[in-house]
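Each remark here refers to the structure printed beneath this line.
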Amino acid sequence: MIKEMLLKLWRWIFPVDNIGNVIYFSAYDIIERKFKKRDKKQVVAMMVDAFSNLMTAEELTEIEAYLDSITNYDKSIILAKDNEVVGFYLFGDSKLSNGIARESINKIYVDLNEYDKKVGIEGVALAVKKEYRKIGLATHLKDYTKSLNVDYIWGAQYKKLNNLEHWLKR
């Protein structure tokens, strides 16, 4: 009981408290933690919701299998309130050149040999529930990559999401 009271006081004094891998967004009781198996159902549901107007019904049913094929869940993070996933950033181990080949991308504007010599990580998917947007959670998830000890992060973009400008701010 006293420990909980002290923790709440600590979170009130330091609104964004970084203790190990746990980040507290005190005003919302949101914590950052590593991905757990129990999170997958909620993450897939959030992905289906995010892409429902961009994909066919058949493509939506394949999201979980697609994520499983490219995601390293051990490197991925979750933002949670109680047991509810309110945001996440999924990462994969694929090199940039492998990802370009996998996605059949034809227009390439950089020398891929430069990236093959570096350590990179794939940003597979990032999402925050609508009711938790505009409070800094997506920015926090993107900033998390600074702690990963990699030279670069890359990812594919659905043009129809119309959010490229948010990524270009980085």
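The values are calculated or read from the model by the stated rules, or taken from the named source; none is laboratory data. This one's a predicted model, so the numbers in the text were calculated from it and none came from an experiment. All Cβ positions, even for glycine, are placed from backbone atoms using ideal geometry, and neighbour counts span all protein chains on display. The area values use the complete protein model at the heavy-atom level, side chains included, leaving out ligands, DNA and RNA. Shrake-Rupley method; radii C 1.70, N 1.55, O 1.52, S 1.80 Å.
A compact table of results
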item	result
Only one of Ser69, Ser94, Ser76, Ser104 that is of a type in the set (S, T, N, Q) and under 30 Å from Asp29 (Cα atoms)	Ser76
Matching residues, the stretch 45-72, being aromatic (Phe, Trp, Tyr) and open to solvent by 40 Å² or more (accessible area, probe 1.4 Å)	Tyr66
Lys118 vs. criteria open to solvent by 50 Å² or more (accessible area, probe 1.4 Å) and either among the small types (Gly, Ala, Ser) or closer than 24 Å to Met46 by Cβ (or both)	no
Number of positions in the stretch 40-96 that are of a type in the set (Ser, Thr, Tyr) and without any contact (Cβ under 8 Å) to a residue 24 or more places away in the chain	5
Residue check for Lys8: at pLDDT 90 or above and open to solvent by 30 Å² or more (accessible area, probe 1.4 Å)	no
Residues satisfying the stated conditions in the stretch 29-39, i.e. under 24 Å from Asp143 (Cβ atoms) and either touching a His at 6+ places or on another chain (Cβ under 9 Å) or without any contact (Cβ under 8 Å) to a residue 60 or more places away in the chain (or both)	Asp29, Ile31, Glu32, Arg33, Lys34, Phe35, Lys36, Asp39
The stretch 133-156, subset of a type in the set (A, V, I, L, M, F, W, C) and closer than 19 Å to Lys34 by Cβ, residue most open to solvent (accessible area, probe 1.4 Å)	Ile153
Close pairs from the stretch 135-152: first at positive phi, partner assigned to a loop (DSSP other than H, G, I, E, B) and open to solvent by 40 Å² or more (accessible area, probe 1.4 Å), Cβ under 8 Å, at least 6 apart	Asn149/Val119
All positions within the stretch 115-170 that are among the charged types (D, E, K, R), touching a helix residue (DSSP H, G or I) at 6+ places or on another chain (Cβ under 7 Å) and at pLDDT 90 or above	Glu122, Lys129
Output for the stretch 65-91, where each listed residue is among the charged types (D, E, K, R) and under 21 Å from Ala101 (Cα atoms)	Asp68
